[in-house]
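Working notes for the structure below.
The values are calculated or read from the model by the stated rules, or taken from the named source; none is laboratory data. Being a predicted model, the structure only gives us computed values, none of them experimental. Counting neighbours? That spans all protein chains shown, and the Cβs are built from the backbone with ideal geometry, glycine included.
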Amino acid sequence: MGMTIEQAKMVLEQNGQAHVLRFWGRLDRAARGALLRQVAEIDFKDVARMRQTLEGKAGASRPVPRPAAVTRWTRGRHSEAFAAGETLLRKGRVAALLVAGGQGSRLGYDGPKGAFKIGPLSGMPLFYFHARKILRLKRVYGRPVPFYIMTSEVNDAATRACFAEHGYFGLDPADVIFFKQGVWPALDESGRLILEAPGRIFVSPDGHGGTLRALVKNGCLKDMAARGIRSVFYFQVDNPLVDIADPAFIGLHALGRADMALKLCRKNSPSETMGAVTRLGGGRYGLIEYSELTPAQAARFKYGSPAIHVFSLGFLKRAARKDMPLHVAHKKIPFCADDGLTIKPAAPNGYKFEKFIFDILPDARTVVNLAFDRAEEFSPVKNAEGVNSPETCGLALQAKWRRWLLAAGVAVPDSMPVEIDPAYAGCAAELKRGLLMRDVVM
Ligand code: UTP
């Protein structure tokens, strides 16, 4: 998208952002080109919405939080849903959608979070655990589950390199589709774009809600349709226990003709920081962030959302046509002083904006909220230490693999770490069958 300096001047002046060009005279040719490209990329309608949000004009009315009822498995319901999900997988109707564009700042790892090594024996990264599960689905059901991976400007190249370096973990590269999410500028206290260097506007990823626009912009929804996809399994990069495209979950969503299905788990404590699904009336639901609840309200929600969803492709297409609400955070944003040097402020000096994927939930006409067993499927790597860290996730993985091994008749001493390649076994019963056939390598 080319833009001339005259065009840039005009659009910036029209939007009260002329200061963006204040160092123009000092920039060399390459820096000028880069700045013009950045200006061309900015959607000033979005910036206007950001300014409105700061002025408090766009404040959405908050629903009164009322916990949603959850569906629990009964044996009959599970087997019916499982069969329906297996049929969809056999017909190649299911895709996996991984959001991996985040900056992983809490973990503090230098690289895409998916490249963080978590395998206790293999030393393999988070991406390996996701990719090998998807490989297993192809082996079991005979059709590929196309794997869409959302990256961002900062980690796209490193993410692709991680897959290439590991031979796509055994997947066919034609079925691994990387796409980049968008970036959003930040605004200073007076609603102005922030220059972080003389020729660069500060931008950061636009949140996991940016998935919808990025899917459209990169032709992924069209690609899904061309591949005959109906159900899209959505998950986050940090949870290696996730049961990707779990047939029962996919099947329950399909049997319910639902737009969206959410897995919900029991919170570890009333104050655990998880999103809460609230009833809005008329069969509709919304998801409230933990930070928006008072402690007393949060305590009423026994279940939380770990961001494991199934969407129908039709719903994603419909939701992508709408603007999503903005979430704002007061942050420390590097800025460029009058002398052109970048300063890292000690206190918050501006606002970052993000979209959250769960904000499409109220538009879903039919929703399934499914309770699941947290110990089997959820232990994210968010922080460097303490709760939700590599250590707690490692323990959860060990416990899960040991349960599977025990169920398969193998008792392993506590002191011996174990690891199961997700491509070989997707559940305890499959591991047992594999061990009986002696084709499982441990
Ligand atoms: P989190 O907010 O938990 O993780 O996002 P993060 O952004 O990687 O880490 P922090 O908050 O900086 O420590 C949950 C999921 O959403 C993805 C992340 O990659 C993760 O899988 N995400 C988040 C995006 O894909 N894009 C974003 O802009 C933000």
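For Gly114, the criteria (1) more than 10 Å from the ligand (Cβ to nearest atom); (2) under 22 Å from Glu165 (Cβ atoms); (3) not in a strand (DSSP E or B) hold in every case but one, which is (1). Residues that are closer than 24 Å to Lys322 by Cα and not charged (D, E, K, R) number at least 1 in the following helices (runs of 4 or more DSSP H) confined to segment 134-253: 211-217, 220-226.
Yes or no: segment 81-98 includes at least one residue that is within 14 Å of the ligand (Cβ to nearest atom), over 14 Å from Pro240 (Cβ atoms) and assigned to a loop (DSSP other than H, G, I, E, B). Scanning segment 81-98, I find no residue that is within 14 Å of the ligand (Cβ to nearest atom), over 14 Å from Pro240 (Cβ atoms) and assigned to a loop (DSSP other than H, G, I, E, B), so the answer is no. Pairs linking a residue in segment 342-369 that is touching a residue at least 12 places away in the same chain (Cβ under 8 Å) to a residue that is among the β-branched types (Val, Ile, Thr) and within 13 Å of the ligand (Cβ to nearest atom), with Cβ atoms under 6 Å and 6 or more positions apart or on different chains, are Ile357/Thr211. Taking first residues from segment 105-134 that are of a type in the set (Ser, Thr, Tyr) and partners that are part of a loop (DSSP other than H, G, I, E, B) and more than 15 Å from the ligand (Cβ to nearest atom), the Cβ contacts under 8 Å between residues at least 6 apart in sequence or on separate chains come to Ser122/Glu419; Ser122/Asp421; Tyr128/Gly119; Tyr128/Ser122; Tyr128/His166. For segment 135-165, residues that are within 16 Å of the ligand (Cβ to nearest atom) and touching a Pro at 6+ places or on another chain (Cβ under 9 Å) total 10. Checked against the criterion of being more than 14 Å from the chain's Cα centre (by Cα), away from the ligand (no atom under 16 Å from the Cβ) and crowded, with 19+ Cβ neighbours inside 10 Å, the candidates Ser190, Ser231 yield just one match: Ser231. Looking across segment 375-404, the residues that are over 21 Å from Ser269 (Cα atoms) and charged (D, E, K, R) come down to Lys400, Arg402, Arg403. Filtering Ala425, Ala384, Ala408, Ala399 for residues that are more than 16 Å from the ligand (Cβ to nearest atom) and surrounded by fewer than 18 Cβ atoms within 10 Å (Cβ to Cβ) leaves a single hit, Ala399.
Residues in segment 387-396 that are surrounded by 13 or more Cβ atoms within 10 Å (Cβ to Cβ) and more than 16 Å from the ligand (Cβ to nearest atom): Glu391, Gly394, Ala396.
Criterion first (at pLDDT 95 or above, surrounded by fewer than 23 Cβ atoms within 10 Å (Cβ to Cβ) and within 9 Å of the ligand (Cβ to nearest atom)) does Leu107 satisfy it? Answer is yes for this residue.
Which of the residues belonging to segment 285-340 are free of Cβ contacts under 8 Å to residues at least 24 places away in the same chain, within 16 Å of the ligand (Cβ to nearest atom) and outside any strand (DSSP E or B)? Of everything in segment 285-340, those that are free of Cβ contacts under 8 Å to residues at least 24 places away in the same chain, within 16 Å of the ligand (Cβ to nearest atom) and outside any strand (DSSP E or B) turn out to be Tyr290, Ser291, Lys332.
Screening Thr211 on (1) in contact (Cβ under 8 Å) with a residue 60 or more places away in the chain; (2) more than 16 Å from the ligand (Cβ to nearest atom); (3) polar (S, T, N, Q) shows it passes everything except condition (2). With respect to being under 28 Å from Arg66 (Cβ atoms) and away from the ligand (no atom under 16 Å from the Cβ), Ala258 fits the description.
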